Every structure is written in C-alpha cells, then in structure tokens.
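Participant: Sharing a structure, written as structure tokens. Questions coming.
The values are calculated or read from the model by the stated rules, or taken from the named source; none is laboratory data. This structure is a prediction, so every number in the text was calculated from the model and none was measured. With ideal geometry, Cβ positions are generated from the backbone for all residues, glycine too; neighbour counts draw on all protein chains shown. We work out accessible area using only protein heavy atoms, side chains counted, and drop any ligands, DNA or RNA first. Shrake-Rupley method; radii C 1.70, N 1.55, O 1.52, S 1.80 Å.
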Amino acid sequence: MSGKQFRLAAGVTALALVAVLGALALVHGRDAPDWSIPLFAAAVLIVCELAALSRATKPDAAVERPAVTAVLLGRLLPVALLAFGGASVALLAAAVPVRHGLATGLLGAVAAAALFLLVAAVARRGGEA
Amino acid sequence: MTFERRAVVWFVVASAGLLAGLATAQPALSAVAAGFLVPLLYGLASRPPRLPEATVRLSADRLIEGGRVELALTLAAVDACPWLDVELQLADRLVADGAPMRRVLALDAGETRTLEYSIECPRWGAFRVASIRLSACDRLHLRRAELSIEPATTLRVYPSVDRLRRLAGPRATRPATGSRPSAAAGEGIEFAELRFLAPGERARRVNWRATAARGRLLVTDRLPERSSDVVVFLDALGAAATNAESTLDRAVRAAASLTEAYLRRRDRVGLLRFGGDLEWIIPGSGTRQQYRIADALLESEVARTYRWRDTALIPRRILPPQSLIVALTPLLDWRVTRALLNLRRRGYEVSIVEVDPLPYLADAEAAAGPIAWRTWLLERDAVRTQLAAAGITLVSWRREQPIAAPVEALAATR
C-alpha cells in the first residue's frame, strides 16, 4: 500500500467516524445516555489517531501490510479499549456515593496510584510480549 | 528519543478535561478526560522504541558512469518494531531504480530483513551513496527514536572514456621509450630518410638495395620511438550548465579520454586543474597514473571564486619543458584565458579544446537581450583571435560531437 493510499484511507475513515458521531449528537443531543460516554471517548480517540496517521505518513512511502496490521491491532485497538476502560472507570467512580473529606481524598489518591501501577504493569507486560 | 506531539496534546486535553469536570461537576467531562489519560499512561509506561541494528553493503565502490550498484540495507531487530520508517536519501547525482525510497515496515523481535536498492550512476563523481534515516515508534506511537546512517564507503563513479585514434602530440619528445617517432634520427623502426654513408658508420646500417640502385653507399636513417609530456589543463573556474549536464561534465569526460589515450601511447601525462584551488598531478606514466588522474578528476566541481589565479603559482616540475598543454575550457573566465596566454609566453605548446557553452546558455540569450548577447559573442571571437595570435591552437567542441572530433581536428593542425 502506498503512503498516499494509506493517508487517504485513514483520512476518509476519520471523516466517516466524525460524521457518524456528529449525526448521533444531532439525533440524541442532550439526551445521550451515560453508558454512551465511554464509547464516545473511544471514538474520539480513534478519530484523533486516524487523523494523526493520515498526517504522519509520507505520501511517497510504501507502507507494508504487516505495518498496517500492527497499526490497527497494536495501536488503534488498544487505544480504543484503554479509552473505553478509562472512561468507564471514571464514570463508575463518579457514580459511587461518597462523603467529601480527607479520607475520601486519600482513598481517591490511592485508587489513582493503583490504577497507574496497574496500567504500567499491563504496558510492561505488553511490551515484553 | 523524542516524544510525539500527540503525547503532549493528550496530556493537555486530559488535564483540561479533568479540571473542567471537577469545576463544573460534570462526570462526563472527567470520563472523556480519563479516556485520554489512560492510553497516555499506558503508552509512557510501555517499553521505549528501540531501533534495529542496520548495516549497509554496496556491491561495488568503483564503477564507470552509466553503471549500476546494488545497495543492501540489513535491519536486525532486537525488540519488536511495529512501525519502522526507513528512508533512503540518495546523493544528487544518483538515481534509484524500482524500489521506493521510503518504506514503512514492521519487524518482529529477532527478525532480520534486507532491503535492496538498485542505484543508477548516470554521472561521474565521488560521493557518499546515501544517507539512511531510520525512525521507529513505540506501540502507541507516543515516542520516537531516530537514527541517521551514513555509509562510510565512498562510491567512485569514473567518467566514461572514448577511444581516441589520433592525438595531437608535442613537437619535442623526451629521451625515453614511447610510441611517438622522435624528430631526430636514430635507432628505431620508423623510416626517416636515406643518406650517404658517413665515415665511421656501422656497415649493418647500409641499405644494400638502395646502394645497388644508386651506385653509392646509402644508409637508412630511422626515427626512434620516444615519449613526450602532456599536461591536461582542466578549467573548473566556470561552467555553463543545464539541469542535465554542464560543460564541466563534458570536460572531465574529455580529460579522462585524453589521459587514457596519451598514457596508452606511453607518454607522461599530468593534470592541472584550474579552479577554486589550483591543483595538479605531476606528469607520470602507466596505469597507476591513469587512476591517479581519474581520482583527481572526480573531485572536480565548479568553484566560483574571486581570488586571483596566476600561473606563477604552478611549480616548474608540473609543466616539464617542451610539454604539450591541452586545455579543456568553455572560455567563460578571463583568468583562464590569461593563464593560457601566460603559459604560451613561457614557451609551452598550448592547444585548447573549447567546450562549446552556447547550447547551455539558451536562457541567458533571452535574459540578456540580443545586443548584449551579440556583444558577448563578439568578445568571445576577440578572445579566440587573441589566442590564435599568440600561437595557440583552438578547436571548438560542439555538444553533439564526440570528443574524437575536436581531438582529431587538433591533430590535423599540427
């Protein structure tokens, strides 16, 4: 696949996704359910990634098929899953009824640190694999 | 290793979203921000990109112009490299054939891959073939590692050589064996004349057939084969050029052809390059000298300089007495004309092959206007007249002609 084709494909896909998101926003407006927020976050990340791909690849380059597969499976899919997961966790955390105070703050900080360590461990393992 | 701009953008978006979510008490904003934050953390915590080990191999480091050289780039990945951008940047005078100059690959850990490029060398020169730029990204393309590789090998593309049958030779020869009949009679193969036997001469030189016909003792005089000294004068001070070719390109090819032809006749040949720096090669003979001159010719570039150039700078042993100087010049710089006139006044035989610059100056004619153009042409005619008056032989070498044409014309004038 040539770089020009790759850029075109990424750009067109990004535009199509933006169009779909725009249409959904128009149809549902402010009535969008909460469960759609993680999906929305994942979609926004994918659009950003596709836009970055379409800009970063040089038109005169020859992009080999394994590289395209690696981008789809190793970059777009993890980003989408991580964004979905992160947004879901954030929504769930927001939904938990808590009383504001020092203990809650410390608990939140510990939870954030634990989340970071978890993500780092997963990333390390993924890199070694 | 550098961070991609996306990493910064994601961090800013995530921070702004979290702050906005807290400020407005909107969990949706914080959730979207977390959607940016988590991939960012994942990407930064993952293993940084590691470039594969790259080795470059050329199939040849010396070839004749018009030839082809194969470049093999071997990439050995220690770690997985999901996005490796390989860019081959060729030197100006080289043309790649077939394979794309830029490729995006994915290498698994431990994988070795060889990329092959076929490179055409249409013009002479000595240069680094290519610089290779490698750029690898981590899994989420948040960090980038880059490396530029310059192969240490210098590719030498020698100018093509035309076979020359007839050459202009100097009138004087040196007392060393060669292929050129000497002006003075002696022991040799070439017949010179018949003359009467002088007292004390050896009887084996008597030409008995002529003696029988004339009734008196006659001896045959022969011309010994001697060699001579030739210095090729290359004007690199100025050149007329188009995108495809320049007068210097042709002059260098002509210099290579002349050198090869004179050396084949066992003459001693030297080189004097009159450019930004005055450079020379002392006259010598043999194959080694041919390569020495060819290597020196490869370094020829047009050097525009306003420094004064004088032939007084040339050491005496560069220009042996009675040597023939064959100048290859487009006659575009008055300093070259002056130098050639000086050499002639010092007693050297000077012949000029004028590399016709007019086909390269089509745009200049339109830019300068007809009056200025005609004035310039008249000035060139005046220079030619001045050179001819000084006893310098000058022949013009047109673009469509082979080098043999002006060289034979030079030989015919002598």
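Participant: I need the full set of residues from segment B:262-283 which are surrounded by fewer than 21 Cβ atoms within 10 Å (Cβ to Cβ) and under 15 Å from B:Ile325 (Cβ atoms), in order please.
Facilitator: Matches in segment B:262-283: B:Leu278, B:Trp280, B:Ile281, B:Ile282.
Participant: Another question, if that's okay. Out of the residues in segment B:21-36 meeting the condition of being assigned to a helix (DSSP H, G or I) and open to solvent by 70 Å² or more (accessible area, probe 1.4 Å), tell me which one is farthest from A:Ala120 (Cα to Cα).
Facilitator: Within segment B:21-36, the match that is farthest from A:Ala120 (Cα to Cα) is B:Thr24.
Participant: Can you tell me which residues in segment B:346-391 are assigned to a loop (DSSP other than H, G, I, E, B), open to solvent by 30 Å² or more (accessible area, probe 1.4 Å) and over 18 Å from B:Ile325 (Cα atoms)?
Facilitator: B:Leu361
Participant: Let me ask something else about it. Scan the strands (runs of 3 or more DSSP E) fully inside segment B:37-98 and keep the ones with 1 or more residues being aromatic (Phe, Trp, Tyr), open to solvent by less than 40 Å² (accessible area, probe 1.4 Å) and within 12 Å of another protein chain (Cβ to nearest Cβ).
Facilitator: Those strands (runs of 3 or more DSSP E) span B:81-90.
Participant: Which of (1) at the interface with chain B (Cβ under 9 Å from one of its Cβ atoms); (2) touching a His at 6+ places or on another chain (Cβ under 9 Å); (3) surrounded by fewer than 17 Cβ atoms within 10 Å (Cβ to Cβ) is the odd one out, the single condition A:Ser36 does not satisfy?
Facilitator: Result: A:Ser36 passes all but (1).
Participant: Say whether the condition of being within 25 Å of B:Leu41 (Cα to Cα), in a helix (DSSP H, G or I) and more than 7 Å from chain B (Cβ to nearest Cβ) is met by at least one residue in segment A:55-66.
Facilitator: Scanning segment A:55-66, I find at least one residue that is within 25 Å of B:Leu41 (Cα to Cα), in a helix (DSSP H, G or I) and more than 7 Å from chain B (Cβ to nearest Cβ), so the answer is yes.
Participant: Residue by residue through segment B:99-141, note down the ones that are within 9 Å of chain A (Cβ to nearest Cβ), in a strand (DSSP E or B) and open to solvent by 10 Å² or more (accessible area, probe 1.4 Å).
Facilitator: Scanning segment B:99-141 gives B:Arg102, B:Arg103, B:Ala106.
Participant: Quick check, is A:Arg65 of a type in the set (D, E, K, R), surrounded by fewer than 18 Cβ atoms within 10 Å (Cβ to Cβ), within 22 Å of B:Ala80 (Cα to Cα) and modelled with pLDDT of 85 or more?
Facilitator: yes
Participant: Just give me the residues in segment A:75-87 being open to solvent by 30 Å² or more (accessible area, probe 1.4 Å) and either more than 8 Å from chain B (Cβ to nearest Cβ) or of a type in the set (S, T, N, Q) (or both), in sequence order.
Facilitator: Those that are open to solvent by 30 Å² or more (accessible area, probe 1.4 Å) and either more than 8 Å from chain B (Cβ to nearest Cβ) or of a type in the set (S, T, N, Q) (or both): A:Leu77, A:Leu81.
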